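Comments concern the structure below.
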Amino acid sequence: MTTKLLPPAVILTLILASPIAPRAQAPDVTDAVPLSVEVTISRYQGDESVSSRPYVLAVTAGVGQSGLELNDRVPVPVGQATTGPDGVPRPVSFNYETLSTQISCFARTRGDGRFEVSVQVHESSVGGDRTTADASLMSYPAVFRSFDSDNTLVLRDGQTRQYVAAADPVSGATIRVDVTLTVLD
C-alpha cells in the first residue's frame, strides 16, 4: 500500500476553503445587574439560636450561576476505647469523613425592580455543629446529618425572605434558611 502526500499548496487551499464554525456568542450583558445574595443557615433549639452562618455570593442577574463549596475532613473515632497514659479514654483509630456546605445561586431580572433568585443548599454535619477539631467533643457513636433545599424566590433590593424552616428528626433543632438580596448598581 502506498500513501500519497498532498502538496502544501493543496493543503493550504483546503484549509482556507473549509467553512469555519461561528464562534459561540457571549451572553448579552447589557441587561446584566450585579447582585449580592446572602444565604444564612441558622439552627434553633426552641427559640434559642444555636448557630447562624451567613454566606455571601456575588451574582450577576441573567448572566450565570454563582456557587461555593466548603469541605472539612473530620476524624470520627472507631473501635474500642483504650486508656491513655494520662488516664483519659482514647479511641483505637479514626476514620475521616467529609463534611460540607455547598450553595449555588442563579438570578434573573423579572422587571419592576424584582429578581427571580434560585438557591440550592446542601449541608452535611456530624454530631451537630462543631466549633473545634477536638474529636472528644463529638457524640459517640457519631450522628451524621444531611440537609438539602432548593427554592426560587422573587425578591426586591434589600428584601430578606425565609424560605425553609425544618425540624431535625433526631435533635429537634429547627433549621432555617434566609435569603437577602442587595442590588449593587
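Evaluating kT/(6 pi eta Rh) at 4 °C and 1.567 mPa s, with the Kirkwood radius of region 29-183 over Cα pairs in the Stokes-Einstein relation, gives 74 µm² s⁻¹. Taking amide H atoms as placed 1.01 Å from N in the peptide plane, the amide H of Gln159 lies under 5 Å from those of Leu181, each 5 or more residues away in sequence or on another chain. Neighbours of Arg145 by Cβ distance under 9 Å: Lys/Arg scored +1, Asp/Glu scored -1, total -2. Once the Cβ-Cβ distance between Val143 and Asp112 is put in as r, and R0 is 45 Å, what FRET efficiency do you end up with, to the nearest 0.05? Taking R0 as 45 Å, the efficiency between Val143 and Asp112 is 0.45. A simple charge model with +1 on the Cβ of Lys and Arg, -1 on the Cβ of Asp and Glu and nothing else charged puts the dipole of region 29-183 at about 80 debye relative to its Cα centre.
None of the figures in this text is laboratory data; all of them are computed from the coordinates on show. The shown structure was predicted, so the numbers you read here are calculated from the model rather than taken from an experiment. We place every Cβ from the backbone using ideal geometry, glycine too, and count neighbours over all the protein chains shown.
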